[in-house]
Amino acid sequence: MKIGNGETKTYLKLRVGTQFIILRQGESIIGRSQYSTFIIDHPSVSRVHASVTKEGEVFVLRDLESHNGTFLRNRRVGAKGAAIRPGDTVRFGDMEGTIEAADMQRPERRTVEIGAGSSGREDTVTMVVEKNRNR
């Protein structure tokens with residue numbers, strides 16, 4: 001049996017009230033729309049309000065032409081965006097939030113080789129089992 005080790009990566013967590021989202025790869029859309037990645041159901045939040053995109057090792061917050069603005073550390077963020085980091089305060093319209101570190105372990109991958117055993121056949125079946133070690 002061959003066993004690989006889990007690997008830790010740092011992601012960010014955006015928390016607004018009791019809700020949160022783990023920010024990983026790609027783009028996360030924040031807004032009131034049911035199609036948003038992170039839905040904030042408040043009248044001061046636009047349907048498509050802001051986005052967070054991972055660019056290399058940096059997460060960038062951008063306003064998407066929202067009506068009431070996107071703020072990072074009490075400064076308005078525009079379409080060019082601004083880098084976010086743990087400890088930052090953010091605001092979407094009237095809804096305040098925080099950025100936190102979210103250490104996540106990648107699932108441990110195990111490759112199990114099963115031989116044919118007593119059947120005498122030389123075939124081998126390889127199966128990959130993923131186990132999330134955070135559960």
| message | Please list 3J(HN,Hα) in residue order for region 90-101, calculated via the Karplus relation 6.51 cos²θ - 1.76 cosθ + 1.60 where θ = phi - 60°; whole Hz, with x for glycine and proline. | response | 10, 8, 10, x, 9, 9, 8, x, 9, 10, 10, 6
| Long-range HN-HN contacts of VAL77 with modeled amide H, under 5 Å | THR70, PHE71, LEU72
| note | Once phi for every residue in region 39-51 is put through the Karplus expression 6.51 cos²θ - 1.76 cosθ + 1.60 (θ = phi - 60°), the whole-Hz ³J(HN,Hα) values, with Gly and Pro written as x, are 8, 10, 8, 8, x, 7, 9, 5, 4, 10, 8, 8, 9
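Every number in this text was worked out from the coordinates using simple rules, so none of it is lab data. Note that this is a predicted model, so its numbers are computed, not measured.
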